[in-house]
Amino acid sequence: MGDGTSDDRRRCDWGDSTPDYVAYHDTEWGVPLRGDNALFERLSLEAFQSGLSWITILRKRENFRAAFAGFDIETVARFDEADQQRLMADPGIVRNRAKVAAAVNNARAILDQVPEGLTELLWSFAPAEHQRPALMTDIPAITPESKAMAKELKRRGFAFVGPTTAYAMMQATGMVDDHVAYCFRADPSSN
């Protein structure tokens with residue numbers, strides 16, 4: 001048992017390390033998520049996480065939501081250079097110029113290159129079948145589906161969405177369920 005929880009439920013190893021992770025693991029990670037703005041948020045946050053710990057992003061998520069207008073795609077697509085400078089001066093988010101520019105770029109790409117909607121596009125890469133991992137070491141960082149998703153997103157003009165970022169987003173949004181076999185979330189009757 002990690003130091004993040006006071007109950008005796010067994011979780012994925014990472015999901016029990018801090019109270020922030022316990023809440024995220026137990027209520028969000030792996031839960032099917034739909035909605036273009038919600039998926040844009042998750043895709044953006046996964047891109048901001050690249051090279052950092054997820055806990056850093058999780059703890060700044062409300063700041064990101066405020067800074068990026070709730071991840072409303074149409075609003076973020078209208079962000080101009082002044083908005084990007086404002087974001088770069090915001091200590092509440094990760095201030096990485098390339099990642100800020102990518103979020104704005106990706107909002108524009110969604111409007112210009114994703115007529116079917118982001119939800120339909122992203123979920124089209126969810127595998128029909130997915131083997132539940134027995135152990136944390138069984139969880140891949142990249143899959144054929146995440147490679148295909150990243151390739152298609154790049155083809156449509158997205159930035160900062162490689163196959164590892166794509167797979168992390170697929171896990172977070174329930175496109176794949178990577179709760180390990182011994183995790184209480186792997187048992188549908190316990191949720």
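Read-outs: derived from the displayed coordinates by stated rules, not from any lab. Computed from a predicted structure; not experimentally measured. Here the Cβ is made from the backbone with ideal geometry for all residues, glycine too, and neighbour counts use every protein chain on show.
Of note:
- 222 nm mean residue ellipticity, helices alone, for the chain (DSSP H n ≥ 4; -39,500 (n - 2.57); rounded to 500): -15000 deg cm²/dmol
- Extension gain, Glu62 to Asp13: 0.36 nm times the residue separation minus the Cα-Cα distance gives 15.1 nm.
- Pairwise FRET efficiency - Ala82 versus Ser124, Cβ, R0 = 30 Å, nearest 0.05: 0.25
- Sum of side-chain charges, Phe125 neighbourhood, beta-carbon under 11 Å (Lys, Arg +1; Asp, Glu -1): -1
- The orientation-averaged projected area of the convex hull spanned by the Cα atoms of segment 13-190 comes to 10.0 nm².
- Contour minus Cα-Cα distance for Arg34 and Glu116 (0.36 nm per residue): 28.2 nm
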